[in-house]
Amino acid sequence: MTDNTQHQVPNSSGTHPPKLKAPANAADCHIHIYDPRFQPAVDKPQNGTVGDYRLLQKRIGVSRVVIVQPRNYKTDNSATLDAIKQLGIANARGVGVLHPTVDEAELKRLDDGGIRGIRFTLGSAKNAVVSIDMIEPLARRIAPYGWHVQLNMDPQQVTASADMLKRLPTQIVFDHMGKPPMPAGIKDESHKVIRGLIDAGRAWVKISGAYIVDDTPPAYAGATSVAQAFVRAAPERAVWGSDWPHPGHQEHPDDAALFDLLSVWAPDEKVRNRILVDNPQKLYGFG
């Protein structure tokens, strides 16, 4: 069996390894697990199991991972907790989805199971499991656990919520570079809001989802300019994620090529290692 065959990964195009060598304890801080053993609450998702993801880990060389609860399971975090257990809590963490009605016993159970934040996916009100008015009350509930609030918001929502975001008692993590509109990029008002929170030590950003920000593969010039701006401004506040298994995309990107973008986004090896190892360790409590 050839090495390329061994590294064929479901929901990922290409078979070659990345040119960039991942450092020891590198973390992929944004994936989703879709396991057919767990019944989705809405929509039947593509399969993306722990076994499938292990093939991606082998291909690109990362050893730590953060599993982000997809909206398909709504507030039932069972599949995410199970995935953390399969991968081992020493090297896996999770970001769940909750409603303000969650009780304290459930919060404790989730914390023990490796959950370190809660996600709000808010772009489409029709499909959203949570709402903007849940962010602040839930942030107060999770603050004693040291968790963060992870936001997948449209840029206009970020701008409109600026005052509320400044009030939150938790750290904030912005998905996919804050999803700035193109061609405005870092000139968009939402980027200014995010940068203000980062500069104040209140927020982090995932330099991930190049194909979400920008539809010009393989260089993703627009996304690259945004990622580089974040890395130049606050390398201590950035983490990287693959977004595997790339939900909602019929044509799956080449994950090795996406990983190699880090060589352009963060050309300095020490900075890159900080993004891949040190920052995830601090944000998610690895090690």
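In this structure the amide hydrogen of VAL173, modeled in the peptide plane, comes within under 5 Å of the amide hydrogens of VAL149, GLN150, LEU151, TRP204, none closer than 5 places in sequence on its chain. Placing dummy labels 7 Å off each Cα toward the beta-carbon, the span from LYS187 to ALA143 is 3.8 nm.
Comparing Cα centroids, the stretch 138-187 and the stretch 216-230 end up 21 angstrom apart. Work out the charge dipole of the stretch 214-274 with +1 on the Cβ of Lys and Arg and -1 on the Cβ of Asp and Glu about the Cα centre, then indicate which of VAL264, HIS249, ALA233 is farthest towards its positive end. With unit charges placed on the Cβ atoms, the residue in question is ALA233.
Among the listed pairs LYS58/LYS206; LYS166/LYS187; LYS21/LYS187, give every one whose C-alpha distance is greater than 24 Å.
On the way: LYS58/LYS206 22 Å; LYS166/LYS187 20 Å; LYS21/LYS187 33 Å.
Going by Cα-Cα distance, LYS21/LYS187 fall outside the 24 Å limit.
Please report the antiparallel percentage of DSSP beta bridges with both residues in the chain, rounded to the nearest 5. Close to 5 percent. Here the dipole of the chain is about 560 debye; that uses its Cα centre as origin and unit charges on the Cβ of Lys and Arg (positive) and Asp and Glu (negative).
Just from its helices, what would the mean residue ellipticity at 222 nm be for the chain, if runs of 4 or more DSSP H residues each count -39500 (n - 2.57) and the sum is divided by every residue, rounded to the nearest 500 deg cm²/dmol?
Details: 14 runs with 103 residues, N = 287.
Calculated mean residue ellipticity at 222 nm is -9000 deg cm²/dmol.
None of the figures in this text is laboratory data; all of them are computed from the coordinates on show. If you're wondering where the values come from, they're calculated on a predicted model, not measured in any experiment. All Cβ positions, glycine included, derive from the backbone under ideal geometry; neighbour counts span all protein chains shown.
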